[in-house]
Amino acid sequence: MPSLRDQFLRALPHSILESFRDSSEGGLLVPAQHSEVGNLEVHFDEEITVCLGKHTHTHFSPWESESQSVEERIAETAADAAAFVESVLSDEWIIWSAPNGSGGCFTEDAGSLSELPGSAKAFRWSGPVSRDVA
């Protein structure tokens, strides 16, 4: 049975696959496009965890899938994580964090910069986002 890592790599478009490097922790890494954003890292164990710099992270778990077989759950989870990574690298997500340690990410159709805590900083993969204009 293919691993989450193998399925994730298969699900990535070749143009993005070339951006990844092996990380020192056994995962995969895309070097930061902007230093304030940080690296995008993908870790694999029972689930896939995508870390967006030191700002936030998100989980993709095969156990949340509604597919019946383990193989289908792994493939679906890997495809979902790969689609998320592709959209982050395409600047479709706002990544944010605040000094108190809170953080998250959202697409413009699902959130607004005005909803962020006042002290939060916002970014896209390519760099900082003005709180006045997304």
Value of [θ]222 nm, deg cm²/dmol, for the chain, DSSP H segments ≥ 4, -39500 (n - 2.57) each, nearest 500: -7000 deg cm²/dmol
Just one of (i) 50; (ii) 63; (iii) 84 is percent of Cα pairs over 19 Å apart as worked out from the coordinates here. Which one is it? (i)
What's the extension gain from Glu25 to Ser3 if we count 0.36 nm per residue and subtract their Cα-Cα distance? 6.2 nm
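Quick one: accessible area per residue over the chain, 1.4 Å probe, rounded to a whole number of Å²?
Details: 7360 Å² over 134 residues.
Computed with neighbouring chains in place, this is 55 Å² per residue.
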Share of the chain's accessible area from carbon and sulfur, percent, 1.4 Å? 46 percent
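Given a Förster distance of 22 angstrom, what is the FRET efficiency for Ser61 paired with Thr107, based on the Cβ-Cβ distance and rounded to 0.05?
0.60
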Expected unfolding gain across Val70-Ser114 under the 0.36 nm per residue rule, minus the alpha-carbon gap, is 11.8 nm
Amide H to amide H under 5 Å from Val129: which residues, 5+ apart in sequence or cross-chain, H placed 1.01 Å off N in plane? Ala122, Phe123, Arg124
Just how far, in whole angstrom, is region 12-55 from region 68-104 if you go by their alpha carbon centroids? 11 Å
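The values are calculated or read from the model by the stated rules, or taken from the named source; none is laboratory data. These numbers come from a predicted model, not from an experiment. FYI the Cβ positions are ideal-geometry reconstructions off the backbone, even for glycines, and counts take in every protein chain you see. Accessible surface areas use protein heavy atoms only, side chains included; no ligands, DNA or RNA. Shrake-Rupley method; radii C 1.70, N 1.55, O 1.52, S 1.80 Å.
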